[in-house]
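S.K.: Take this structure, written in structure tokens, and hold onto it; I'll ask about it next.
The values are calculated or read from the model by the stated rules, or taken from the named source; none is laboratory data. Just so you know, these numbers come straight off a predicted model, no measurement behind them. Methodologically, a virtual Cβ is constructed for each residue, glycine included, from the backbone with ideal geometry; neighbour enumeration extends over all protein chains shown. The accessibility values were calculated without ligands, DNA or RNA, using every heavy atom of the protein model including side chains. Shrake-Rupley method; radii C 1.70, N 1.55, O 1.52, S 1.80 Å.
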Amino acid sequence: MSLTSAATLATLDKTGPRRITDLAVAEGVTQPAMTVLVRVMEESGLVERKGDPSDKRVTLVYLTNAGASYVRTRRQAGVHAFERLIGELTGDEVEALVAALPALKHLAELESQDLEGPKQ
């Protein structure tokens, strides 16, 4: 799976259903490229398209159960990789990571706000 595909699934997991144009902007690709990507992921059973209940002219991309499972599995693999690598650090290096946690948490919060779009 491409990084853009994985990132798109993660975006849908974090933000819920989105328009293809919104996903394209979030992932930094063109709308036609995202349309192709969504079609491939739809054929793989990772996403599905449904009408927007608030605007019948709009189609939204939804994460399926299989897509959500894929995202969870990938995140867990990342956690295990970090656990293994952190286990190889010195005590001072671990302390430096612990000291950096508040800044890293703030970065994650900023990214989440960025994915949600501009505040109104």
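S.K.: Can you sort LEU110, LEU12 by 1.4 Å-probe accessible area, starting with the largest?
M.R.: From most accessible down to least: LEU110, LEU12.
S.K.: Per residue of segment 48-62, in order, report the coupling 6.51 cos²θ - 1.76 cosθ + 1.60 (Karplus, θ = phi - 60°) as ³J(HN,Hα) in whole Hz, putting x for Gly and Pro.
M.R.: Listing the rounded values in order: 9, 9, 9, x, 6, x, 8, 8, 4, 7, 9, 10, 10, 9, 10 Hz.
S.K.: What does the charge dipole of the chain about its Cα centre add up to, to the nearest 20 debye, if the Cβ of each Lys and Arg holds +1 and the Cβ of each Asp and Glu holds -1?
M.R.: That gives the chain a dipole magnitude of about 640 debye.
S.K.: ARG19 to LEU97: extension gain in nm, 0.36 nm per residue of separation minus the Cα-Cα distance?
M.R.: 24.3 nm
S.K.: Taking a probe of 1.4 angstrom, what is the accessible area of MET41 in Å², to the nearest 10?
M.R.: Spelled out: MET41, probe radius 1.4 Å, area about 10 Å².
S.K.: Separation between the ALA33 and VAL58 pseudo-spin-labels, each 7 Å from Cα along Cα→Cβ, expressed in nm?
M.R.: Modelled inter-label distance: 2.4 nm.
S.K.: Here's something else I'd like to know. Ordering GLU88, GLU27, GLU93 by accessible area with a probe of 1.4 Å, largest first, what comes out? Write down the numbers at each step before the final one.
M.R.: Values: GLU88 130, GLU27 40, GLU93 85 Å².
Most to least solvent-accessible, the answer reads GLU88, GLU93, GLU27.
S.K.: Using the Cα gyration tensor of segment 61-111, with a ≥ b ≥ c the square roots of its eigenvalues, what is the shape: rounded (a/c below 1.5), prolate (a/b larger than b/c) or oblate (neither)?
M.R.: Oblate shape, in that a/c is at least 1.5 and b/c is the bigger or equal ratio.
S.K.: Also: Once each part is reduced to its C-alpha centroid, what is the distance from segment 62-94 to segment 21-46 in angstrom?
M.R.: Distance between centres, Cα-based: 24 Å.
S.K.: Here's a follow-up. Quote the charge dipole size of segment 10-50 about the Cα centre in Debye, to the nearest 20; the model charges only the Cβ of Lys and Arg (+1) and of Asp and Glu (-1).
M.R.: It comes to approximately 140 debye.
S.K.: Ok, one more. Students often get this wrong, so try it: which of (i) 1.28; (ii) 0.99; (iii) 1.13 is Cα Rg over 2.2 N^0.38 Å as calculated from the structure shown?
M.R.: For Cα Rg over 2.2 N^0.38 Å, the calculated option is (i).
S.K.: Mind checking which of LYS105, LYS50, LYS14 has the largest fluctuation in a GNM of the chain, springs on alpha carbons under 10 Å?
M.R.: LYS105
S.K.: Considering only ALA24, ALA99, ALA66, give the residue with the highest GNM mean-square fluctuation for the chain, with springs between Cα atoms whenever their separation is below 10 Å.
M.R.: ALA99
S.K.: Which FRET efficiency value, to the nearest 0.05, is calculated for LEU110 and ARG74 with the Förster distance at 22 angstrom and r the Cβ-Cβ distance?
M.R.: After rounding to 0.05, the efficiency reads 0.50.
S.K.: Let me ask something additional. Around LEU46, which amide H atoms from residues at least 5 apart in sequence, or from another chain, sit under 5 Å from its own amide H, with H modelled in the peptide plane?
M.R.: none
S.K.: Name the residues whose placed amide hydrogens come within less than 5 Å of the amide hydrogen of VAL29, ignoring near sequence neighbours (fewer than 5 apart) on the same chain.
M.R.: none
S.K.: Any chance you could run the full-extension gain for ALA81 through ALA7? It's 0.36 nm times the residue separation minus the Cα-Cα distance, nm to one decimal. Please list the in-between numbers first.
M.R.: Values: separation 74, 0.36 × 74 = 26.64 nm, distance 1.84 nm.
Extending this stretch completely gives an extra 24.8 nm.
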